[in-house]
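The values are calculated or read from the model by the stated rules, or taken from the named source; none is laboratory data. Because the structure is predicted, anything quoted here is derived from the model rather than measured. So basically every Cβ, Gly included, is an ideal-geometry build from the backbone, and we count neighbours across all protein chains shown. What goes into the accessible areas is simple: the full protein's heavy atoms, side chains included, and nothing from ligands, DNA or RNA. Shrake-Rupley method; radii C 1.70, N 1.55, O 1.52, S 1.80 Å.
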Amino acid sequence: MGENAVSDKPSRRGRWIAATAGGTAVVLGLGYVGTAAAVTDKIPDGTTIAGVDVGGMTKAKAEDAVSTRTRSMMNRPITVSAEGKKFTLDAARSGLWLDPGRAADGLTGFSLNPSVVGKHLFGARENRSLTAKADTQKLAAAITAAAGTFKGSAVNGSVKFNSGKVDVVRSKDGTGIRADAVAQQIAKGWPAKTGYTATIGHVEPPLTNAEIDAFVKDFAGPAMSGPVTVKVGAKTSKITPVALSAVLSAKVQDGTLKPVIDEAKLREVLDTLSGELTTPAENAHYGPGGSIVGAKNGSEVDPSGAGPLLIKALTDPTRTLTLKSKPVKAAMVAADLKNLGTEKISEFVSRYPGGAQNESRTKNIQVALAKINGMVIAPGEQFSLLQSLTPITKANGYVEAGVLVDGIHEKGTGGGISQVSTTMYNAAFFAGVRLDEHTPHAYWIPRYPMGRESTLWVPTIDLRWTNDTGRPIRIEAGTQDSAAVIRLYGTKTFNVSTNTGPQFAFTEPKTRYITKKGCEVQAPAQGFKVTVTRVVTDLSGKVVKNEANTTNYIPSDKVVCGPDPNAPSTSTAPRASATGAAASSPPTTPTAPVSASVSPSSTAPAATSTKK
């Protein structure tokens with residue numbers, strides 16, 4: 001190559017300069033990336049959220065700091081004024097809430113954007129507010145509830161279930177707060193603003209008549225249209241509309257009516273039907289001639305989920321409530337009878353009318369007494385007379401017996417067994433055991449102890465007591481010389497003293513004229529109240545029970561068989577009539593008893609009829 005030739009290869013010095021420049025660029029780039037990564041995981045200085053300085057914090061720490069502020073803001077009451085009336089709302093309970101997490105969104109996170117990196121390096125002035133949320137429907141409902149009533153306020157109607165029927169009260173428009181408008185104001189202004197003025201005007205009640213009509217048509221009417229069949233395995237029984245109405249109610253929820261089941265009352269109804277639906281456990285007991293009859297395990301209705309299932313059954317074409325049973329072990333086996341005390345701890349004798357005219361009634365009394373004779377009640381066990389005697393059917397040994405219902409002779413299967421209930425109540429009373437449940441007759445029947453007697457009503461009125469003596473109790477029950485006799489044997493644990501106070505709060509009877517066949521003249525008797533006390537002491541003399549029970553007896557009207565002389569063109573019908581159904585439930589208004597019971601009168605009488 002000649003000396004004038006020009007070489008195209010770069011010099012060493014040129015290559016070094018190029019390499020140095022490239023390396024510097026890389027280093028600077030990496031440094032920028034590192035700086036961005038280091039600063040963007042923190043919130044820029046000068047940033048506030050809802051007045052809280054969160055500059056320099058991570059998003060998690062900022063959310064914690066803002067949450068503290070949020071709780072403070074949520075606890076501030078919201079005040080609403082209307083026509084000189086003020087009321088407050090709780091934000092959380094009224095459908096309002098704040099989201100601190102969303103307020104910090106975008107303040108952290110890796111970015112190479114120079115403006116973002118610059119804010120993180122040199123700070124930024126940014127003030128953020130919290131994101132407020134509102135459930136306006138819930139807020140409006142809270143406003144309506146808190147506002148209370150004004151003169152001429154709108155009034156919600158109601159749907160109630162009484163004695164197997166549907167009672168409807170219509171809703172009424174009126175004057176009140178325009179809750180929807182106030183809810184919108186609060187949703188827009190809160191939490192920056194906590195005071196608002198409401199507008200008063202014509203408003204509809206939350207529960208409209210259209211909703212009432214729909215509920216009656218779709219649920220309430222069908223619910224009371226007939227009995228519900230309860231099915232457990234292959235066995236069935238029925239809950240009457242009257243009994244259904246005692247466990248069913250309607251509640252307003254968000255402007256609509258919802259059926260509600262009283263689970264405790266439903267369990268009580270199912271418990272009384274258990275004898276028809278399952279096989280109750282039988283304790284070892286003494287049979288005829290003193291022989292020992294071994295224990296038998298049984299079953300009982302499992303009420304789990306019964307409420308929702310009943311609501312579904314009330315509108316189902318089959319009207320069937322299907323439940324399961326669960327096993328129940330006998331409380332006492334034959335070996336336990338060896339420790340049974342033989343001391344008579346109480347006895348009660350209750351006389352009843354004899355003679356041929358009362359033969360059927362006497363038969364029922366004897367059948368009922370035979371069913372409880374020899375039973376042994378374990379320590380802590382509850383005795384239920386209704387469970388022990390049911391079902392009240394001819395197949396179970398009972399017969400039809402004449403009863404007097406509002407001055408009219410009627411017949412009902414099992415008539416007369418309230419005599420057994422009264423006898424058992426008094427035997428338990430004087431044994432000193434815990435008395436759990438009893439219901440007196442509607443008006444006083446002189447052959448029973450005043451204020452110390454008890455009736456039955458299938459399936460809802462029972463006689464229950466619990467053996468709290470700590471030792472087994474054996475029942476001896478039978479008849480003797482036109483009297484029901486019940487003796488309780490065991491180990492004497494208590495002494496009992498009692499006092500029946502004077503009658504007071506008298507009410508006067510009326511005169512009723514009855515032209516119906518079977519009428520029987522009835523002499524008038526005053527209604528009154530009476531208080532019976534029971535003091536139970538242990539054997540050392542310490543008082544363990546001190547009880548007072550006041551019974552309110554309604555007056556027994558004078559019954560005249562014939563037309564009312566003051567109204568010769570019409571006949572006065574009795575105020576009640578017998579249903580003749582052993583499984584009927586007690587009414588809540590004056591009506592007749594079912595076959596094996598009379599109407600209750602514990603604090604307020606529910607009937608004017610009786611069985612004798």
The residue that is nearest to Leu266 (Cα to Cα), considering only those in segment 443-461 that are surrounded by fewer than 23 Cβ atoms within 10 Å (Cβ to Cβ) and of a type in the set (D, E, K, R), is Arg452
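Output yes when any residue across segment 319-332 is outside any strand (DSSP E or B), at pLDDT 95 or above and either surrounded by 15 or more Cβ atoms within 10 Å (Cβ to Cβ) or not assigned by the TED database to the domain that holds Val242 (or both), and no when none is.
Restricting attention to segment 319-332, the residues satisfying the condition of being outside any strand (DSSP E or B) are 319, 329-332.
Now restrict to residues that are at pLDDT 95 or above: 319.
With the extra rule that they be either surrounded by 15 or more Cβ atoms within 10 Å (Cβ to Cβ) or not assigned by the TED database to the domain that holds Val242 (or both), the set shrinks to 319.
Yes; the residues of segment 319-332 include at least one that is outside any strand (DSSP E or B), at pLDDT 95 or above and either surrounded by 15 or more Cβ atoms within 10 Å (Cβ to Cβ) or not assigned by the TED database to the domain that holds Val242 (or both).
For segment 214-316, which strands (runs of 3 or more DSSP E) that fit wholly inside it have 3 or more residues that are open to solvent by 70 Å² or more (accessible area, probe 1.4 Å)?
In segment 214-316, the matching strands (runs of 3 or more DSSP E) lie at 235-239.
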*asked:* When you scan segment 463-472, do you find a residue that is in contact (Cβ under 8 Å) with a residue 60 or more places away in the chain, under 35 Å from the mean Cα position of the chain (by Cα) and closer than 16 Å to Gln419 by Cβ, even just one?
replied: yes
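Specify the residue that is surrounded by the most Cβ atoms within 10 Å (Cβ to Cβ); the eligible residues are those in segment 483-493 that are of a type outside the set (Lys, Arg) and in contact with a Lys or Arg (Cβ under 6 Å, 6 or more places away or on another chain).
Residue satisfying both the conditions and the ranking: Gly490.
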Checked segment 494-539 for anything of a type in the set (Lys, Arg) and open to solvent by 60 Å² or more (accessible area, probe 1.4 Å); matches are Lys510, Lys516, Lys517, Lys529
Counting only residues in segment 170-189 that are open to solvent by 80 Å² or more (accessible area, probe 1.4 Å) and not acidic (Asp, Glu), the one farthest from Glu211 (Cα to Cα) is identified as Lys188
If you go through Gly380, Gly354, the only one that is open to solvent by less than 30 Å² (accessible area, probe 1.4 Å), touching a residue at least 60 places away in the same chain (Cβ under 8 Å) and not assigned by the TED database to the domain that holds Pro303 is Gly354
